[in-house]
Structure formats: structure tokens, C-alpha cells
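Remarks on the structure that follows.
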Amino acid sequence: MTIGEAEALQIHFGHYGHRGLTLGEIAAEDPLYLDWLAGRTNLGVHLKEAISLLCTKHERRIDQAMARHEKPKLFDAPPPDVPRHTTRQTRLF
């Protein structure tokens, strides 16, 4: 399979399925979704190969998007002006 063939594959399921987007359009719009698709085990061999090719092609964009969406570590160390009881309370949530 070539990159062009992989980009032309249209999916009809999931978040972008109702829009009938191709894998190439999804990669351009939402590279993290493409990375998420790569982790699915219920996809056919042909589709997994196409997704793998595109993840390799867009690896840098996926890494950049992951860095932007990285969640902060909330409970590493409280600010110095937070009372201890407040810190304990936040661990309950």
C-alpha cells in the first residue's frame, strides 16, 4: 500500500465516520485521532496498515499535538500558601 492509497481510504465509523472523511483528511485535521485509531485492535488488517503508514508520515505532528494536550500534574506539590488540610482534601477528589 502506498501513502496515497492510505490517505484516500474513507472511514464510515467513529468520530469522523458520519462525515465520510478520508484518512488523509483526518490526519490533516486531527492527528491525535489517527494515533488513537492506531491503538484499536478491532480494525481490519488493510485499515491498520493504512493507519500505520500515516502515523509514521505524521509522527512529528502527532508528537507536537500530544505535547500541546498533555495534562498538568495536579497533585505533585501544592503551592506554598495552601494549608495542609486543603491539600489532603484535594486528594479525595
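The values are calculated or read from the model by the stated rules, or taken from the named source; none is laboratory data. Keep in mind that what you see is a predicted model, and the values were worked out from it rather than measured. When we count neighbours, we look across all protein chains shown, and the Cβ atoms used for this are built from the backbone with ideal geometry, even at glycine. For accessibility, only protein heavy atoms count, side chains too; no ligands or nucleic acids. Shrake-Rupley method; radii C 1.70, N 1.55, O 1.52, S 1.80 Å.
A few remarks follow.
- Nitroxide proxy distance, nm - points 7 Å out along Cα→Cβ at residue 25 and residue 67: 3.0 nm
- Based on protein heavy atoms only, the range 1-54 ends up with 55 Å² per residue of surface accessible to a 1.4 Å probe.
- The range 1-66, accessible surface, carbon-and-sulfur percent (1.4 angstrom probe): 54 percent
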